[in-house]
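For reference, the structure discussed in these notes is given below.
The values are calculated or read from the model by the stated rules, or taken from the named source; none is laboratory data. Predicted, not measured: the structure shown is a model, and the values here were computed from it. Glycine gets a Cβ as well: all are built from the backbone with ideal geometry, and neighbour counts include every protein chain shown.
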Amino acid sequence: MLSKNLLRYHTAQRILTSLTIKQGLKYNNPSTVAEIPHFIDFHGLDVTEILEPIDTFHNFNEFFYRKLKPGARPCDEPANPKVCVSPADCRMMAFDTVSEATNVWIKGLGFSIPKLLGNEILAETYVGGSLAIFRLAPQDYHRQVLDVYGENTRTILTVNSPQFGLVTLACIGAMMVGSIIITAPPPGSHVKRTDEMGYFAFGGSTIVVLWQKGMIEFDTDLKENAGEKIETLVKVGMRVGLRNGK
């Protein structure tokens, strides 16, 4: 029975991967610009905050990972490095421990930090640590930013912060996301909150952020909502927590 289930799982994964690639290519086609006005109207998007004029996009994907005007997503308390902010426009859930997240939100899905990171040694860093899930819907702004100050020690995901220690951001494309594009600076670069780290092409997507044990105190409303299995709407730059203790 187990082998049959595994076979079905891998078959489904291959099908979804194929669909993802095809969908991503579809929205790179110039003809898809015709879908932009309907998408804007259907989701009630605020076009006044979009940097480039709508008629300058060459395909739907370019519109999907559009840039916003400077100041459209201000950073809460920019002078206070002990503040942690949301890396995305999204629906967020925050958990003090990974085990709490597993029990409340991702129970039964075979989730583990080693599987998420693909790195047993790095995963050990987050034993007893905190976790937040940032889920982006298709209508959301699909560029992601850094949520802490620090030094980028991995090309994609890990930031060494003087205030928050080693923080890891795992970007996960959903089924209909054609690709994940990384724009973060190279390893060793100094970065600050709301610096862009990348963007998702068409679809929904998720960012999972990990903090070491005792490093962050999430805002109370976020934890209370998560305990009730309720996601909280947040935007890029909005405060989600503080450095715990110091």
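Every condition in (1) under 23 Å from Y126 (Cβ atoms); (2) not in a loop (DSSP other than H, G, I, E, B) is met by K229 except one, and the failing one is (2).
Just one of the listed residues (E49, E35, E77) is surrounded by fewer than 16 Cβ atoms within 10 Å (Cβ to Cβ), free of Cβ contacts under 8 Å to residues at least 40 places away in the same chain and touching a Lys or Arg at 6+ places or on another chain (Cβ under 8 Å), namely E49. Residues in segment 62-74 that are surrounded by 15 or more Cβ atoms within 10 Å (Cβ to Cβ) and more than 18 Å from the chain's Cα centre (by Cα): E62, F63, A72.
Being at pLDDT below 95, surrounded by fewer than 15 Cβ atoms within 10 Å (Cβ to Cβ) and in contact with a Lys or Arg (Cβ under 7 Å, 6 or more places away or on another chain), is that true of even one residue in segment 175-194? For segment 175-194, residues at pLDDT below 95, surrounded by fewer than 15 Cβ atoms within 10 Å (Cβ to Cβ) and in contact with a Lys or Arg (Cβ under 7 Å, 6 or more places away or on another chain): present.
Can you work out which of the residues in segment 198-246 that are aromatic (F, W, Y) and at pLDDT 90 or above is nearest to the chain's Cα centre (by Cα)? Top of the filtered list is W211. Is it the case, given these coordinates, that S161 is at pLDDT 85 or above and not β-branched (V, I, T)? Criteria met by S161.
So how many residues does segment 204-226 have that are of a type outside the set (A, V, I, L, M, F, W, C), out of contact with any His (no Cβ under 8 Å at 6 or more places or on another chain) and in a strand (DSSP E or B)? Residues that pass the stated criteria total 2.
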